[in-house]
Amino acid sequence: MLEVRGLVKHFGGVRAVDGIDFAIRPGEVFGLIGPNGSGKSTTVNLVCGLYAPTQGQILFQGQDIARVATHKRLSLGLARTFQNIRLFTNLTVWENLWMAENAPAHRAEAGFLKRWVGGRGNARERISQALEFSGLAHRADDLAGSLAFGEQRRLELARALAARPRLLLLDEPAAGMNAEEIAQLDERIRMLQQQGYTILLIEHHMELVMAVTDRICVLNFGRKIAEGTPAQVQADPAVRDAYLGTGA
Amino acid sequence: MDFYYSLAQIIGFHALLGLSAYVVLLTGQVSLAQAGFFAIGAYVAAMFTVLAGWHLVPAMLAAGLAAAAMACIVGFPALRVRGLMLVIATLAFGEAVRLFFFNFDYQVAKGEVKVGPLGGEGFRQIRWFPEHGWTGLDVMLFVWTVVALVAGALWWLDRSRFGAVLRAVGEDELAAQSVGLNLTAVKVTAMTIGGFIAGLGGAIYAHYTTHIEHSNFGVLLATFAIAYPILGGLRNVLGTIVAVIFVQGFLVEGLRFLGDWRNLLFGALIVLAMNLRPNGLIDAATARRLARLFGREARRA
Amino acid sequence: MGFVDYVQAIIDGLLFGTTYSLIGIGFTLVFGVMHKINMSYAAASLAGAYCGLIGPQMLGLPPWSVFPLSIVAAGVIGYVIYLTCFRFIPLASPLATLMSTVGMLLLVDEIVVHATAGMPQNYPAIYDGDPIELGPFILRADLVGVFLICVVAMAVLLALLYRTRLGMATRAVAQQPVAAQLCGMRLQAVNGLTFVVAGLLGGVAGAMIGASVGMLSPLIAGTITVKGLIVTVIGGLGSIPGAIVAGLLVGAAENLFQAVRNVTERDIYVMLLLFAFLVLRPGGLFAAARGRD
Ligand SMILES: Nc1ncnc2c1ncn2[C@@H]1O[C@H](COP(=O)(O)OP(=O)(O)OP(=O)(O)O)[C@@H](O)[C@H]1O
Ligand SMILES: [Mg+2]
């Protein structure tokens, strides 16, 4: 589904990502973990096109997407959430989801004019599904900025889902959530996997990662130090070193 | 009565100017080029009615299209820069347009007299309204029909997905890209729409005053253009129109008895208003309070 | 018009360009510290120069008193602008400060028009000695004076920024406002002082513009505002060396355009120069490194 080969990103002297390789298979939940500053978010930003790689290849469904414009990557089937929530706070919850209706699937359903200057009618059903899934239906008409923190995280997820991606990139979706919310998230991720989504999950919350992922890639200082099933990774001494060594 | 007709016309074309800046502001771009598009509209429309003898309506459309085309062309390079750089770039563009008309001669003999733009002298004798026997009332109704059409179209646009897209881009460009919005396309479209509206406004202005010259289209006018939506708030088009009525009707006309002091007051009022209400006269909180007052959208509160 | 004339035009332009450099530095200083543009800056600088005229015209002071008075007045106006347009407006409302300074621009302009009844005011020259001849070229003595004074002003500014505690504080606030505050720097005080320093520089620029043109008129303010902003952009927002070089460049270029074409078309080409920079080098000559987002 997604393959990264020799990916490198330098910011001036900082080697945020320093030559990593991994491949995500269709239908799996793939974990990307590592201590703070190890280059996880940078990797997602590279895949989504917010940064251009210094070196390396990003293949999505066999196609090199390095030259694909950022906004077009969504229509290829890549949707993401942000670690530091980035919602359109002055739009309503409903409108936030409406923004993500740019995938080819939506194009087939409504013509150009209807999609851009049409009213809400033709999007209503799809969006209410996404809202139901994230448990935000009762807040559809509230401004996104007025939501509680946990709700904002869920809205980020819903917005990514509204784009009907093939691959979901979740950057620390559990950050700042309480135990109950994390349990819900766990359940949602499993449901999404059943529905056929492929997921890249970045998380610091180890219990969640170990519970939902099929395979995990561990980064440290921009390099891959381990890859394998949760059990293999947990047993890996290099991983322990990395985490204990940085005090996390 | 003629005084009020004339005032309503002034408010009308200033409303168009303000609305043109409103569209662009929704995408988070502060454009000081609107006076330039307004100038292009004014000159183009006047040249069509005076020199080519066109009817006003097609001349206005041509003016709008010319201004829109210019806005589209300017949009591409200008939108590569953002924020304050854009303010400066558009300011310079507006000045360039003004200076262009300062140097622009295109005169044609019509009977004994020569008509057409003549550099610093400006463009005189744009007399389409009187030549066609329109009264002040006719003109006023015409102007406000145009304003109503434009405002209505924008109102509808605001409620469509495109309106929300404009606001989304204005709020967070990065997130907008990540949900698949093409920033360049959205911003250039907004700029083009804004250019069209400003062009229409300029066309009306030229035929209202009958005499235009480059100095009408300076920084002051550009400031007015963005001041209306900023004062009125970006909630909806009505805010902008209310701001125009307030500024042109009350500050400029209502306070005429203050004479020269009025201009002093204008600058001072903007400074004061921004200190007291940094988010516009009608900011989000006020809008919600008003909405509650009228019982609508109570659930949003 | 021969080659010699063109070179002469460039020389005159370079000499006068130092005033643009100063205005550009003023815009850039405030931008560097607050990440805001003070649109009223150029108008305020000229207003300072007008205030200087009060000395000889109304108080009977000798003509040279114009210059120090202008500088001090512009510094005071700078602080007033800080108080009215920046101090109490939330940082998070960029539109509001932009608008308030535009309002201030209109206000300052109108006050000047009011005070002078819109009439141009004569301004004393800085020095009226014989022109200096350099082979086929002539250096106008007064322009040389303007040039020297502007260069001294820049040198004083740079010394202030890089050799004193105040300068260090200013640069610290520009780079890391939060950290600077944690280190005990008073943000408001530094911001206010920056406006005063920028104002003083503007005063020098305003007085020198008056001195080299021979008069001040309300029409100048708009042009200088636009030129100053163009200098700021070409130099790179926030870059002082950039503003200096860009000021000289714009000064020389506009004089050359004027010699090649004419005075009414001149400024169109200056705008085109800006657009060329925006397309080819949108970050300006000396783009400051972009921070993390
Ligand atoms: N735009 C940027 N400019 C400069 N340096 C950057 C930029 N983005 C990231 N970095 C640096 O790259 C390194 C990796 O950052 P990244 O955000 O990818 O880490 P992360 O693994 O997501 O960490 P966290 O768990 O804290 O989210 C860090 O040292 C960071 O400071
Ligand atoms: Mg991260």
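The values are calculated or read from the model by the stated rules, or taken from the named source; none is laboratory data. Bear in mind that the values here come from a model prediction, so they are computed numbers and not experimental data. Here Cβ is always computed from backbone atoms with ideal geometry, including for glycine, and neighbour counts include all displayed protein chains. Remember, those area values only see protein heavy atoms, side chains included, never the ligands or the DNA or RNA. Shrake-Rupley method; radii C 1.70, N 1.55, O 1.52, S 1.80 Å.
Of the solvent-accessible surface of the range B:2-218, computed with a 1.4 Å probe and all protein chains present, 64% belongs to carbon and sulfur. Each of C:Val263, A:Leu7, B:Ala67 was placed along the dipole of the protein assembly as shown (beta-carbon charges, centred on the mean Cα), and the one lying farthest toward the positive end is A:Leu7.
Solvent exposure of the protein assembly as shown amounts to 42 Å² per residue of accessible area, where only protein heavy atoms count and the probe is 1.4 Å. Computed from Cα atoms, the angle from the helix B:284-293 axis to the main principal axis of chain B rounds to 80 degrees. The helix-based estimate of mean residue ellipticity at 222 nm for chain B, built from -39,500 (n - 2.57) per DSSP H run of four or more residues and divided by its residue count, is -22000 deg cm²/dmol to the nearest 500.
Across the range A:187-195, coupling constants 3J(HN,Hα) worked out from phi with the 6.51/-1.76/1.60 Karplus curve, θ = phi - 60°, read 5, 5, 4, 4, 4, 5, 5, 4, 6 Hz, and Gly and Pro carry x. Give the angle, between 0 and 90 degrees and rounded to the nearest 10, that separates the Cα long axis of helix C:41-58 from the longest principal axis of the Cα atoms of chain C. Compared with the principal axis, the helix lies near 60 degrees. In this structure B:Thr135 has an accessible area near 70 Å², from a 1.4 Å probe over the protein heavy atoms.
Among the trypsin sites (Lys or Arg not before Pro) found in the range A:81-123, those both in a DSSP coil and sparsely packed, with 14 or fewer other Cβ atoms within 10 Å of their Cβ, are A:Arg120. Amide H to amide H, with H built 1.01 Å from N, A:Thr92 comes under 5 Å of A:Ala144, counting only residues 5 or more places away or on other chains. Under the combined filter of DSSP loop state and at most 11 neighbouring Cβ atoms within 10 Å, the range A:153-241 retains none of its trypsin sites (Lys or Arg not before Pro). From the Kirkwood radius over Cα pairs of the protein assembly as shown, Stokes-Einstein at 25 °C and 0.890 mPa s returns a whole-number translational diffusion coefficient of 83 µm²/s. Per residue of B:256-269, other chain Cβ atoms within 10 Å of the residue Cβ number 4 on average. The label point for C:Arg186 and the one for A:Asp214, both projected 7 Å from the Cα toward the Cβ, are 6.3 nm apart. Only the Cβ atoms of Lys and Arg (+1) and of Asp and Glu (-1) were treated as charged; on that basis the dipole of the range C:21-220 about its Cα centre amounts to roughly 860 debye. The loop-placed trypsin sites (Lys or Arg not before Pro) in the range C:113-207, going by DSSP, that have at most 15 neighbouring Cβ atoms within 10 Å of their Cβ come out as C:Arg186. Here the Karplus relation 6.51 cos²θ - 1.76 cosθ + 1.60, evaluated at θ = phi - 60°, turns the backbone of the range B:234-249 into coupling constants of 9, 5, 7, 5, 4, x, 4, 5, 4, 4, 5, 4, 5, 5, 6, x Hz, with x for every Gly and Pro.
Positive end of the dipole of chain B (Cβ unit charges, origin at the Cα centre): among B:Ile40, B:Gly249, B:Pro229, the Cα lying farthest that way belongs to B:Pro229. Evaluating kT/(6 pi eta Rh) at 10 °C and 1.306 mPa s, with the Kirkwood radius of the range A:173-248 over Cα pairs in the Stokes-Einstein relation, gives 118 µm² s⁻¹. Only DSSP H runs of four or more residues enter the estimate; each adds -39500 (n - 2.57), and after division by the residues of chain A the mean residue ellipticity at 222 nm equals -11000 deg cm²/dmol.
Pairwise Cα distances in chain B exceed 36 Å in 16 percent of cases. With the charge dipole of the range A:87-164 set up from +1 on Lys and Arg Cβ and -1 on Asp and Glu Cβ about the Cα centre, the Cα lying farthest toward the positive end among the listed residues A:Thr89, A:Trp116, A:Gln129 is that of A:Trp116.
Treating r as the C-beta distance of B:Phe104 and C:Phe88 and R0 as 41 Å, the FRET efficiency rounds to 0.40. Rounded to the nearest Hz, the phi-derived 3J(HN,Hα) couplings of the range B:208-220 under the Karplus curve 6.51 cos²θ - 1.76 cosθ + 1.60 (θ = phi - 60°) are 6, 7, 6, 9, 10, 8, 3, 5, 5, 10, x, 4, 4, where x marks glycine and proline. If only the Cβ of Lys and Arg carry +1 and only the Cβ of Asp and Glu carry -1, the dipole of the range B:2-218 around its Cα centre is close to 360 debye.
About its Cα centre, the dipole of the protein assembly as shown is roughly 1420 debye, where the only charges are +1 on Lys and Arg Cβ and -1 on Asp and Glu Cβ. Alpha-carbon geometry of chain C: the Rg and the Dmax are 18.9, 61 Å, given in that order.
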